[in-house]
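The values are calculated or read from the model by the stated rules, or taken from the named source; none is laboratory data. Because the structure is a prediction, the values reported are computed rather than measured. A quick note on method: Cβ atoms are made from the backbone with ideal geometry, for glycine too, and the neighbour counts reach across all protein chains shown.
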Amino acid sequence: MERSAGLRNRHDRRQADLRRRLDEAGLPALLVTHLPNVFYLSGFAGSAGALLVTVDAVRFIVDNRYATVARAAADAIESEAISVVDVESSYEATYRDLLRASGVSKVGVEAAHICLAQYDWLQTALAEEGPELVSSRDLVEAGRLVKDASELQVLTEAGARISAVMEDQITRLRFGTTELEVAANIDHAIRKAGFERPAFDTIVASGSHTALPHARPGSRVLKKGDLVLLDFGGVYRGYCVDLTRVASLGAPSDEARSWHGAVREAHQSALDTVRVGATTAAIDHAARSTLESKGLGEAFGHGTGHGLGIEVHEAPRIGRRRVPDGVPDPEDVPLEPGMVFTVEPGVYLPEHGGVRLEDDVVVTTDGYRLLTNVSLDLREVG
């Protein structure tokens, strides 16, 4: 009963917060079709499904593959305001019928997630009887930006588990194995550690492949003198963690040591900037300035980090401002306690190699706490 009460209170609170944002936006209803948002509001996890949230009700919309799971999720929340609606012909037709019966004059749709064909179909179907479709953005995501205690508990456990996987897999790196073999071993270890699945396609890059930020593991054989970059994550109880380290097969070259040392300093500069009220762009600037001071600014082409949670890439974005100074940038947000994101500066020199170091961070009232805990040293293995 205690766990059930926790689920009920958690999801009731999230739905109430969403209704406040809908009221502020002048919307009496929102059609939630983005599956991570459906999970956040209801605990329902499936490959298809939606929610219609109004001022006094939540409708689960699922096909017969998920009817039992959706009813179990609704029962766990224990609210009379939640009901399950079965899809009989198509999702679009079910949305149409529910929206017509809802009595609302307009309904928000998640513009970043509904496909154009579906939007056009609904707009045509509702043209005469309504309601009006209104493009909306980030109404659910605004609640996901700051993690609650239950989310932080899951992410903390996930961070510890993925750190243990990284510690083990670094020690297993050997000459003569291929990148694909290493990646397969990592994916097996992620599941063995209790994760539901990898959070993204595991990256294993060796030698000059380390200069590719999102390298795909291939048939290249690990050789003496190689740098090996491992970047992987897992999904634990619906939440993602993400971690990157670099090892050296045998003694690293002086050049590799210099890259690694520069990235490690940039990583620490970014962490030193994390505090309540600091902006996301300030964190990026700290890391980027450190690399620029070492003549490696041009070798760092991506952002310093990204938000973590139900999705492996979500808000807040830790990157450069995209508008001129003095102009408000909606993505350059001040940090609040409970925000979770990666810090992952890197340098990449085509045909030579590269280094990236990544950790997961939660903002606290007095600074930050690392969710991942693996030595940043450039270790010699193999």
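Numbers at a glance
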| quantity | calculated |
| --- | --- |
| From 317, 322, 356, residue being surrounded by fewer than 14 Cβ atoms within 10 Å (Cβ to Cβ), touching an Asp or Glu at 6+ places or on another chain (Cβ under 7 Å) and in the same structural domain as residue 204 (by TED's automatic domain parsing) | 322 |
| Count of residues meeting criterion [touching a residue at least 40 places away in the same chain (Cβ under 8 Å) and either in contact with a Pro (Cβ under 6 Å, 6 or more places away or on another chain) or of a type in the set (D, E, K, R) (or both)] in segment 239-275 | 9 |
| Residues satisfying the stated conditions in segment 252-299, i.e. among the basic types (Lys, Arg) and surrounded by fewer than 20 Cβ atoms within 10 Å (Cβ to Cβ) | 257, 264, 275, 294 |
| Check on residue 51, in contact (Cβ under 8 Å) with a residue 12 or more places away in the chain and aliphatic (A, V, I, L, M) | yes |
| Top-ranked residue in segment 134-157 [being surrounded by fewer than 17 Cβ atoms within 10 Å (Cβ to Cβ) and of a type in the set (Gly, Ala, Ser); ranked as farthest from the chain's Cα centre (by Cα)] | 135 |
| Subset of segment 63-122 (residues that are under 23 Å from residue 20 (Cα atoms) and free of Cβ contacts under 8 Å to residues at least 12 places away in the same chain) | 80, 101, 103 |
| Boolean, residue 334 is surrounded by fewer than 16 Cβ atoms within 10 Å (Cβ to Cβ), over 21 Å from the mean Cα position of the chain (by Cα) and more than 24 Å from residue 199 (Cα to Cα) | no |
| Cβ pairs under 8 Å, 6+ apart, first in segment 158-177 and not assigned by TED's automatic domain parsing to the domain that holds residue 225, second modelled with pLDDT of 95 or more | none |
| Residue 361, sole failed condition from (1) in contact with a Gly (Cβ under 6 Å, 6 or more places away or on another chain); (2) outside any loop (DSSP other than H, G, I, E, B) | (1) |
| Search result, residues across segment 281-307 that are hydrophobic (A, V, I, L, M, F, W, C) and either touching a strand residue (DSSP E or B) at 6+ places or on another chain (Cβ under 9 Å) or in contact (Cβ under 8 Å) with a residue 12 or more places away in the chain (or both) | 281, 283, 286, 287, 291, 296, 299, 300 |
| Segment 123-141, residues that are in a helix (DSSP H, G or I) and either in contact with a Lys or Arg (Cβ under 9 Å, 6 or more places away or on another chain) or in contact (Cβ under 8 Å) with a residue 40 or more places away in the chain (or both) | 125, 141 |
| All positions within segment 195-236 that are under 16 Å from the mean Cα position of the chain (by Cα) and surrounded by 15 or more Cβ atoms within 10 Å (Cβ to Cβ) | 195, 198, 199, 200, 202, 231, 232, 233, 234, 235, 236 |
| Enumeration of residues in segment 158-179 that are exposed (fewer than 13 other Cβ atoms within 10 Å of the Cβ) and among the hydroxyl-bearing types (Ser, Thr, Tyr) | 171 |
| Those residues of segment 364-381 which are in a strand (DSSP E or B) and among the hydrophobic types (A, V, I, L, M, F, W, C), in sequence order | 370, 381 |
| Test: residue in segment 183-203 that is farther than 12 Å from residue 241 by Cα, touching a strand residue (DSSP E or B) at 6+ places or on another chain (Cβ under 9 Å) and either of a type in the set (S, T, N, Q) or not assigned by TED's automatic domain parsing to the domain that holds residue 296 (or both) | yes |
